[in-house]
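The structure appears below as structure tokens.
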Amino acid sequence: MDNLAETWVYLSASPLLHLTLTLIAFQAANWLFERTGRNPLANPVLGAVLLIVAVLLATDTDYATYFEGAQFVHFLLGPATVALAVPLCRQWCLVRRSALAISVSLLTGSLTAIATATGVAWIMGSPPEVLASLAPKSVTAPVAMAIAEQIGGLPSLTAVLVIVTGIFGAMFGPVALDLAGITDWRARPCHGHRQPRHRHRPRPASQ
């Protein structure tokens, strides 16, 4: 037992421990996601978060210690966001043909998200910094955090809200779209989709 305790103390002092924990937790959650037929309710991000929180609570590890290792994944968040331009560029012909629908959808969705989130929070008496943190919650995390900081919000709170919004949308978005009768693959999220993968697959931009 003493050797086991000494080994744990040694491992917990290494940043690689929590980096490894993050990767293993996501792989385990993604395995469960695939085993359930990619059911939206088995969202891999939510599963990974729950696994990591459980381990941190069981080992009495504070977030600052965990983040020393997980910051490597956090660093890659920015490049990963920028890399989204690659598939966008490859499908640019399709994007250009759907420019009007995309523009209207983005404008309507953004205004609705901002108005409903900040409106409800304002009615409930939330302070200005919370309202400012809520406003950009539907933007990707790095951009949302930068916006929150510029308008007087709390970037850390915004990051949590972005993650919660993304998980909630991935879990219940497909169900809402099914109920609304929306089957066009261009209007549906690519993750958490319960239909077979060969259906509604986008055609190459050259077609």
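Here, each number is a calculation from the coordinates, and none is a lab measurement. Computed from a predicted model, the values in this text were never measured in an experiment. Note that we place each Cβ from the backbone using ideal geometry, even for glycine, and neighbour counts take in every protein chain shown.
Database remark: amide H of residue 154 closer than 5 angstrom to the amide H of 133 (H placed geometrically; neighbours at sequence offset of 5 or more, or on other chains; Pro and chain starts carry no H).
For the peptides 46-55, 130-139, 100-109, the ranking by mean Cβ contacts within 10 Å, running from highest to lowest, is 130-139, 46-55, 100-109. For region 98-106, backbone phi angles converted through the Karplus equation (6.51, -1.76, 1.60; θ = phi - 60°) give residue-by-residue couplings of 9, 4, 5, 5, 5, 5, 5, 5, 5 Hz, Gly and Pro being listed as x.
Two numbers describe the Cα atoms of region 32-168: Rg and Dmax, which are 17.7, 53 Å.
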